[in-house]
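Each remark here refers to the structure printed beneath this line.
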Amino acid sequence: TEAGNLDYRLYRSTTDDHLFFLFSRYASENLFELHLYTPHSLSLMAEDEDLLADPPRVETYRTVLG
């Protein structure tokens with residue numbers, strides 16, 4: 001329900017139960033940047049530091065086909 005969020009999916013690796021991939025799409029890069037600094041995103045990232053073996057890695061991509 002977040003403004004600009006088009007899609008949000010969580011995947012788990014089929015070969016490593018401890019490896020997850022979170023996929024989300026936003027209507028624009030600006031809306032995604034705003035999302036990263038919302039209170040709930042900052043809180044989740046702070047909590048994740050204690051739960052994750054490695055820091056989360058954020059990567060961005062542009063649509064090429066489709």
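Things to note:
- Some residue of the stretch 30-45 being in a helix (DSSP H, G or I), of a type in the set (Ser, Thr, Tyr) and at pLDDT below 90: yes
- Boolean, Phe32 is aromatic (Phe, Trp, Tyr) and touching a Lys or Arg at 6+ places or on another chain (Cβ under 6 Å): no
- Some residue of the stretch 6-25 being open to solvent by less than 90 Å² (accessible area, probe 1.4 Å) and assigned to a helix (DSSP H, G or I): no
- Long-range neighbours under 8 Å by Cβ, at least six apart or interchain, first residue within 18 Å of Phe20 (Cβ to Cβ) within the stretch 53-66, second open to solvent by 100 Å² or more (accessible area, probe 1.4 Å) and part of a loop (DSSP other than H, G, I, E, B): Ala53/His18
- One residue alone among Asp48, Asp16 is farther than 20 Å from Glu2 by Cβ and either under 15 Å from the mean Cα position of the chain (by Cα) or not small (Gly, Ala, Ser) (or both), and that residue is Asp16.
- Any hit, the stretch 35-44, residues being open to solvent by 100 Å² or more (accessible area, probe 1.4 Å), under 14 Å from the mean Cα position of the chain (by Cα) and under 15 Å from Glu2 (Cβ atoms): yes
The values are calculated or read from the model by the stated rules, or taken from the named source; none is laboratory data. Source: prediction; values computed, not measured. As a convention, Cβ positions derive from the backbone with ideal geometry for all residues, glycine included, and neighbour counts pool all protein chains shown. Just so you know, the surface numbers come from the protein's heavy atoms only, side chains and all, with ligands and any DNA or RNA stripped out. Shrake-Rupley method; radii C 1.70, N 1.55, O 1.52, S 1.80 Å.
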